[in-house]
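Peer 1: One structure coming up, written as structure tokens, with questions to follow.
The values are calculated or read from the model by the stated rules, or taken from the named source; none is laboratory data. Predicted model, so just to flag it, every value in this text is computed and none were measured. Note: ideal-geometry Cβ built from the backbone for every residue, glycine included; neighbour counts use all protein chains shown.
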Amino acid sequence: MPGNHHEGLGTMSSSGVKLLIKDHHVVIDNGILQLTLSKPGGLVTGVQYNDLDNVLEILNHEGNRGYWDVVWSALDESGRKGVFEVINATTFKVIVETEEQVEVSFSRPWDPSLKGKFAPINIDKRFVLLHGSSGFYTYAIYEHLGYEEWQAFSLGETRIAFKLRKDKFHYMAVADDRKRFMPMPDDRLAGRAQPLAFQEAVSLINPVVPEFKGEVDDKYQYTCENRDLMVHGWISHDPPVGFWQITPSNEFRSGGPLKQNLCSHVGPTCLSVFVGAHYAGDDQVPKFGQGEQWKKVFGPVFIYLNSVMNGQDPLTLWDDAKRQMIVEVNSWPYSFPASEDFPKSHQRGNVRGKLLVRDRYIHNDDMPGNGAYVGLAPPGDAGSWQRECKDYQFWSEADCTGDFSLNNIRCGEYNLYAWVPGFLGDYKYHLPITITPGCDINVGNLVYEPPRDGPTLWEIGIPDRSAAEFYVPEPNPKYVNQLFVNNPKSNFRQYGLWERYGELYPYDDLVFIVGESDYRKDWFYAQVPRRKEDNSYEGTTWQIKFRLEDVKRAASYKLRMALAGATLAEVQIRVNDPNKVRPLFTTGLIGRDNAIARHGIHGLYWLYNIDVPGSLLVEGENIIYLKQPRNQSPFQGIMYDYIRLEGPQN
């Protein structure tokens, strides 16, 4: 069982877990908190804790307080697209009822008579309350049966949402450098807010709390990468209570460690997103064929409540929530879920090894894969894990010697993937890996040889799948979020930075001179269209100027271009002739990650390896032109990760 479920920071008596079944509600109480669920719907209607009869928004109707939901589209002629559905169950069942634990099930089966009305999935939502625990767990089993009459569909999103009391929860924390008192939901309404370029972003012109006047609020400023999204939530000061969502494992989240998701934002809203297209686009929307068999367990996640004694600082509840997150992570996989679809520790396996990097142009010896991300994900090509969204993934970070261990892996067939910060490209182990119960597989020393043909002539940026090292401008003073002022880790989250490009380069585009320019100051974080005086936009062409003393005209040079994100954009590459009708290379129209508009510093990763004939180069000054011609929207752009020119092979 998860250890050390201390009762928040305050003291409250705990007793055996009690279950009370009423006509339309189910109440579970362990003496620390009381959880009320609608019956048979399985919606969370109440959480009583400490001096609060309900931490959830009592002004909302019962169906809009705490719930699982899906967004789905039919992949047939029925035309149902983007249907939002709160999961209202039809069958209630007690799974476990002891003094130590109560687990209840709220299920909603699907059959062909419901086609077009509900997402074609059997959904079984579970809620668990343990003795002595200052919180409750929830998980769900989703299943699409392998019968021909089961409709083809796509799952655009699934998540858990909680709406907290706006009269109580005013302080939000999603990370150590992103925690603050937040505007009220009313501040986003007409008369108090001015809408900006898209509906999620508003400028606060007449907020309830005057200190927020002039700030921007946008829920996308608070998104997190999966690897950092383990605990987040809200604090009430009167009474001093914290409400936290703790996700102890990423195995059931799609897209790998860098996938970005919403978490907490003005509402006060607290989310746990399992599947979603944000910062990735349609590649992260799983699609299921007619009669395709699929089953997945999402969760359990832990909803943790804590409190302080009178006189203590309520903001310390964030530190306590982080401590509890570590307790939950160390307890994974939990031993208590009753569903056979959630394998316990002894039903899982482990993989370990060492990752080395071989690049003879950097070092004569193999180098340790220091800080490498190593993972098991469903079989595919190298790098396919970032678009994988149907099944489970297991990731770990290698230590400074390249040693890694992946523990508690579900049984099944996988490939082993990796990428190493500081090096281009993706690694895939050539053999498939089969996990069986209790296995401990040592793959030994693995050697990753990143893309490399010849010596580095020049490079721009750091190959780390992010544009964070490039120049991020100061925001327009009219559109500031004070949280990100003097916050170098999150300065890219300010609203409207894309418009700053045209202000910095009103007539001529960016020119980067190798050997003189500094990418930290002279390479704008995103190549976006320029706004013209008539408020239309035009594509942009950046230049990289570099000198070559000795050109091997019969040889081939190699341009490596890694992109950190792309939104309905294109990069055309020309060498020494910007007016050539046909570019040397084009990416074509790529990307739907929308990371620029969503205040991200990366979306999906793209790597292009381009042959540059020596005959195109000259001794003396050369220019590579990077043209991004797409210009229907200010957000059609590219974020570069890293660019390198290699000379011919030695």
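Peer 1: Among the residues of region 412-450, count how many are surrounded by 15 or more Cβ atoms within 10 Å (Cβ to Cβ) and part of a loop (DSSP other than H, G, I, E, B).
Peer 2: Taking region 412-450 as the starting set, the residues that turn out to be surrounded by 15 or more Cβ atoms within 10 Å (Cβ to Cβ) are 412, 414-429, 433, 435, 441, 443, 446, 448, 450.
From what is left, the residues that are part of a loop (DSSP other than H, G, I, E, B) are 420-426, 429, 450.
Summing the residues that are surrounded by 15 or more Cβ atoms within 10 Å (Cβ to Cβ) and part of a loop (DSSP other than H, G, I, E, B) in region 412-450 gives 9.
Peer 1: When both residues are 6+ apart or on different chains and their Cβ atoms are under 7 Å apart, which pairs have a first residue that lies in region 548-560 and is in the same structural domain as Val612 (by TED's automatic domain parsing), and a second that is surrounded by 15 or more Cβ atoms within 10 Å (Cβ to Cβ) and among the polar types (S, T, N, Q)?
Peer 2: Leu548/Asn622; Lys558/Asn609; Arg560/Asn609
Peer 1: Looking at (1) within 22 Å of the chain's Cα centre (by Cα); (2) surrounded by 22 or more Cβ atoms within 10 Å (Cβ to Cβ); (3) over 30 Å from Leu59 (Cβ atoms), which one does Gln324 not meet, given that it meets all the others?
Peer 2: Gln324 satisfies all of (1) within 22 Å of the chain's Cα centre (by Cα); (2) surrounded by 22 or more Cβ atoms within 10 Å (Cβ to Cβ); (3) over 30 Å from Leu59 (Cβ atoms) except (3).
Peer 1: Quick test for you: out of Gly383, Gly369, pick the one residue that is surrounded by fewer than 22 Cβ atoms within 10 Å (Cβ to Cβ) and outside the structural domain of Thr158 (by TED's automatic domain parsing).
Peer 2: On the way: Gly369 fails: surrounded by fewer than 22 Cβ atoms within 10 Å (Cβ to Cβ).
Every option except Gly383 fails the conditions.
Peer 1: Restricting attention to region 451-468, which residues are assigned to a loop (DSSP other than H, G, I, E, B) and within 24 Å of Lys552 (Cα to Cα)? Working first, answer last.
Peer 2: Just the residues of region 451-468 that are assigned to a loop (DSSP other than H, G, I, E, B), to begin with: 451-455, 462-468.
Within region 451-468, Pro451, Arg452, Asp453, Gly454, Pro455 meet the criteria.
Peer 1: Taking the residues in region 90-112 that are aliphatic (A, V, I, L, M) and surrounded by 16 or more Cβ atoms within 10 Å (Cβ to Cβ) as candidates, determine which candidate is nearest to Gly132 (Cα to Cα).
Peer 2: Initial filter on region 90-112 (aliphatic (A, V, I, L, M)): 94-96, 102, 104.
Those still in the list that are surrounded by 16 or more Cβ atoms within 10 Å (Cβ to Cβ) too: 95-96, 102, 104.
On the way: Ile95: 19, Val96: 16, Val102: 12, Val104: 18 Å.
Only one residue tops the list, namely Val102.
Peer 1: Between a residue in region 29-45 that is over 16 Å from His61 (Cβ atoms) and assigned by TED's automatic domain parsing to the domain that holds Glu99 and any residue that is modelled with pLDDT under 95 and acidic (Asp, Glu), which pairs come within a Cβ distance under 8 Å, given they are 6 or more apart or on different chains?
Peer 2: Correct list of pairs: Ile32/Glu7.
Peer 1: Residues in region 392-402: is at least one at pLDDT 95 or above, more than 24 Å from the chain's Cα centre (by Cα) and not polar (S, T, N, Q)?
Peer 2: Checking region 392-402: at least one residue is at pLDDT 95 or above, more than 24 Å from the chain's Cα centre (by Cα) and not polar (S, T, N, Q).
So that you can scan it fast, the table gives a plain yes or no per residue for (1) within 9 Å of Ala566 (Cα to Cα); (2) assigned by TED's automatic domain parsing to the domain that holds Val285; (3) part of a strand (DSSP E or B):
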position	(1), (2), (3)
Gly591	yes, no, yes
Ile596	yes, no, no
Gly603	yes, no, no
Tyr608	no, no, yes
Ser615	no, no, no
Glu621	no, no, yes
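Peer 1: Further question on the same structure: Is there a residue being closer than 30 Å to Leu196 by Cα and more than 26 Å from the chain's Cα centre (by Cα) anywhere in region 469-476? Steps first, please.
Peer 2: Taking region 469-476 and keeping what is closer than 30 Å to Leu196 by Cα, we get 469-476.
Subsequent filtering for residues that are more than 26 Å from the chain's Cα centre (by Cα) retains 476.
Looking through region 469-476, at least one residue is closer than 30 Å to Leu196 by Cα and more than 26 Å from the chain's Cα centre (by Cα).
Peer 1: Another question about this same structure. Conditions first: (1) surrounded by 24 or more Cβ atoms within 10 Å (Cβ to Cβ); (2) within 28 Å of Gly146 (Cβ to Cβ); (3) more than 11 Å from the chain's Cα centre (by Cα). Ala280 passes all but one, so which condition is the exception?
Peer 2: Result: Ala280 fails condition (3) only.
Peer 1: Answer with yes or no whether Arg531 is assigned by TED's automatic domain parsing to the domain that holds Ala569 and surrounded by fewer than 20 Cβ atoms within 10 Å (Cβ to Cβ).
Peer 2: When the stated conditions are applied, Arg531 passes them.
Peer 1: From Gly291, Gly311, which residue is in the same structural domain as Val44 (by TED's automatic domain parsing), outside any helix (DSSP H, G or I) and at pLDDT 95 or above?
Peer 2: Values: Gly311 fails: at pLDDT 95 or above.
Just a single option satisfies the conditions, and that option is Gly291.
For every residue, the table says whether it meets (1) among the aromatic types (Phe, Trp, Tyr); (2) under 19 Å from Val575 (Cβ atoms).
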{"site": "Ile462", "(1), (2)": "no, no"}
{"site": "Ser490", "(1), (2)": "no, no"}
{"site": "Asp518", "(1), (2)": "no, no"}
{"site": "Phe524", "(1), (2)": "yes, no"}
{"site": "Arg530", "(1), (2)": "no, no"}
{"site": "Lys545", "(1), (2)": "no, yes"}
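Peer 1: Restricting attention to region 550-599, which residues are small (Gly, Ala, Ser) and within 37 Å of the chain's Cα centre (by Cα)?
Peer 2: Taking region 550-599 as the starting set, the residues that turn out to be small (Gly, Ala, Ser) are 554-556, 562, 564-566, 569, 588, 591, 595, 597.
Residues satisfying the conditions are Ala562, Ala564, Gly565, Ala566, Ala569, Gly588, Gly591, Ala595, Ala597.
Peer 1: Which of the strands (runs of 3 or more DSSP E) contained wholly in region 175-260 include at least 1 residues that are small (Gly, Ala, Ser), crowded, with 20+ Cβ neighbours inside 10 Å and on the phi > 0 side of the Ramachandran plot?
Peer 2: Here the list reads 231-237.
Peer 1: Criterion first (at pLDDT 95 or above, within 22 Å of Thr36 (Cα to Cα) and in a strand (DSSP E or B)) does Val104 satisfy it? Reasoning before the result, please.
Peer 2: On the way: at pLDDT 95 or above: yes; within 22 Å of Thr36 (Cα to Cα): yes; in a strand (DSSP E or B): yes.
Against the criterion (at pLDDT 95 or above, within 22 Å of Thr36 (Cα to Cα) and in a strand (DSSP E or B)), Val104 qualifies.
Peer 1: Just to be sure I understand, how many residues within region 632-650 are crowded, with 19+ Cβ neighbours inside 10 Å and closer than 15 Å to Ile596 by Cα? Break it down stepwise before answering.
Peer 2: Kept after step one, since they are crowded, with 19+ Cβ neighbours inside 10 Å, are these residues of region 632-650: 634-647.
Subsequent filtering for residues that are closer than 15 Å to Ile596 by Cα retains 634-641.
Adding up the residues that qualify gives 8.
Peer 1: Counting just the residues of region 68-89 that are free of Cβ contacts under 8 Å to residues at least 12 places away in the same chain and out of contact with any strand residue (DSSP E or B) (no Cβ under 8 Å at 6 or more places or on another chain), which one comes out surrounded by the most Cβ atoms within 10 Å (Cβ to Cβ)?
Peer 2: Taking region 68-89 as the starting set, the residues that turn out to be free of Cβ contacts under 8 Å to residues at least 12 places away in the same chain are 77, 79, 81.
Next, from what is left, pick out any that are out of contact with any strand residue (DSSP E or B) (no Cβ under 8 Å at 6 or more places or on another chain): 77, 79.
On the way: Glu77: 5, Gly79: 8.
Filtering first and then ranking leaves Gly79.
Peer 1: Would you be able to tell me the number of residues in region 255-277 that are hydrophobic (A, V, I, L, M, F, W, C), more than 8 Å from the chain's Cα centre (by Cα) and under 15 Å from Gly603 (Cα atoms)? Step through it out loud before you land on a result.
Peer 2: Step one: of region 255-277, the residues hydrophobic (A, V, I, L, M, F, W, C) are 258, 262-263, 266, 270-271, 273-275, 277.
Next, from what is left, pick out any that are more than 8 Å from the chain's Cα centre (by Cα): 263, 266, 270-271, 273-275, 277.
Adding the requirement that they be under 15 Å from Gly603 (Cα atoms) leaves 277.
Here the count works out to 1.
Peer 1: May I pose another question? List, please: which pairs have Cβ atoms under 9 Å, are six or more places apart or on different chains, and start with a residue in region 228-247 that is closer than 13 Å to Gly135 by Cα and assigned by TED's automatic domain parsing to the domain that holds Phe302 and end with one that is surrounded by 24 or more Cβ atoms within 10 Å (Cβ to Cβ) and at pLDDT below 95?
Peer 2: Once the first residue is closer than 13 Å to Gly135 by Cα and assigned by TED's automatic domain parsing to the domain that holds Phe302 and sits in region 228-247, its partners that are surrounded by 24 or more Cβ atoms within 10 Å (Cβ to Cβ) and at pLDDT below 95 give Val241/Gly8; Gly242/Gly8.
Peer 1: Search region 389-405 for residues being in contact with a Lys or Arg (Cβ under 7 Å, 6 or more places away or on another chain) and in a strand (DSSP E or B), and hand back the single one that is farthest from Leu155 (Cα to Cα).
Peer 2: Once the filter is applied, the top-ranked residue is Asp403.
Peer 1: Here is a check on your reading of the model: is Glu99 charged (D, E, K, R), outside any strand (DSSP E or B), touching a residue at least 24 places away in the same chain (Cβ under 8 Å) and in contact with a Ser or Thr (Cβ under 9 Å, 6 or more places away or on another chain)? Break it down stepwise before answering.
Peer 2: Details: charged (D, E, K, R): yes; outside any strand (DSSP E or B): yes; touching a residue at least 24 places away in the same chain (Cβ under 8 Å): yes; in contact with a Ser or Thr (Cβ under 9 Å, 6 or more places away or on another chain): yes.
Yes.
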